[in-house]
Every structure is written in C-alpha cells, then in structure tokens.
Amino acid sequence: MAVFLSPENIVKLCLYRWACLLLLFSVAGCTTPELTESPAAEFAAEELYIVRNSGFEEAYVARDANLPGYAEIEFARFSSAAVQVTQTTVSGTTRSDWQMTAEKEQRLDAIWGQATARAFADYPVAGEGKLRIAAELTKVEPRRAASTATTASGGMIAGTGDVVEVSVEIHIFDASSGQLLSVVRDKRQIASLQWGRAAGADLVNLFNSWASLLHTRVTGR
C-alpha cells in the first residue's frame, strides 16, 4: 500500500534525519559538529560532506545517511596488505619487522574483530537495513617520540623511544545498495615494538578506541 506524506510530515522527516546526523557526530562536552555547505571535493560524486568536530582526524557523511536507523552491521575483513610503510631503516629493527606478512594480517584482523564485536555487542537493534563497514590500514610512519609522547593506551613513552604513527580509513556502506554513506580517517601513535609484533596492549587499545568511537558515531549513543 502506498503511503503519502503531508508537507508537514515531510518537513518533520527532514528535521528528524538532520537531528540524527548531528547526533551521529556529536560528543558530550565537544564543540557542536558542523557540516560544510557543499560536498567535499574528494567525495563530490558520492555527495559526502565534511564533518568538523567528529573525534576523528577526518570525517565525511551523506546528509541523509541516517546511520542510527540501520538494524544490523557487518564488518569486512580488516585490510592491511597494501599498507604504506614510510621507512624501514629504524634503529634496533630489521626490515622484516616492517613487512606485512600473512601472519600479521591475521593478527590485525583478529584484534579488529574482537574490538568491533565488543563495541557493537548491542546489535542488531530495531530498524531496517544493514550497514557494511570496511576498515583499511593505510600508512605506518616510524618516528622518534618526544619525551612527552603518549600511546593509544594513555601511557607515557620513556625518553625518546621509537613510535609508529598508524593511519586507518573506514568506509561505511548501505549493504543492499552499495551506496557509500560515510568515510572516516584517523591516525595515532603506538610503541614501535608492538607494531613489529602486531601485538601488545597499545595496539589492542588503539583498535578498541577506534571501534568504540565508531560505535558512538554510528549509533548516536
């Protein structure tokens, strides 16, 4: 049966979607999020708008995304095979420490799977449709840390020890149509030794923090 909306209800529906969008990218105590008036040049075809004050380094979203309205979420395998490593000649390490092996890929995927399962344990929820979320490790940048540097777990890195800056890009799609609804990018530091082993508390906490923030943005809770 066809359902016809009155002009008043259409306005209410538009306001509801806009409210969901603002809720999606708001954080208690943070500056009110803002969207640019025009789509970002990089995502003009997909009509994604820049979201400021999202908590991520970069965030883009479709105005009518309504991510909290989706009932289910599926996660693609964590992608890391094509990660760019800016240098491999780091003191105290070998080139093999920076190579992406099948074993490291499996470890990273497992850590991401555990982080997302924990963060999104409240799904499925009331609603319709399914979101598909695909995360990709894009860059690893070894560098010397200042004495005041902190890791993803909030711990201090003693002296001027080596760290790596880890960058991720996450795409959110409508699973049925394949429409790209949102893109977020972020980068944070962890101890270089933990990257070499693809293990350790800093790496686990890093993935947990990304998954937790992503849950907040998707659900608005």
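The values are calculated or read from the model by the stated rules, or taken from the named source; none is laboratory data. As the structure is a computational prediction, the values presented were derived from the model and not from experiment. Here the Cβ positions follow ideal geometry from the backbone for every residue, glycine too, while neighbour counts run over all protein chains shown. Heavy atoms of the whole protein, side chains included, go into the accessibility calculation; ligands, DNA and RNA do not. Shrake-Rupley method; radii C 1.70, N 1.55, O 1.52, S 1.80 Å.
Residues in segment 46-91 average 48 Å² of solvent-accessible surface per residue, probe 1.4 Å, ligands and nucleic acids excluded. Determine which residues of segment 110-129 fall in the zone a paramagnetic label at E72 would reach in this model, i.e. backbone nitrogen under 20 Å from the point 7 Å along Cα→Cβ. Zone members listed by number: 113-114, 116-129. A simple spin-label model places pseudo-atoms 7 Å from Cα toward Cβ; at R118 and S38 they are separated by 4.3 nm.
In segment 56-102, carbon and sulfur make up what percent of the accessible area (probe 1.4 Å)? Accessible surface attributable to carbon and sulfur in segment 56-102 totals 43 percent.
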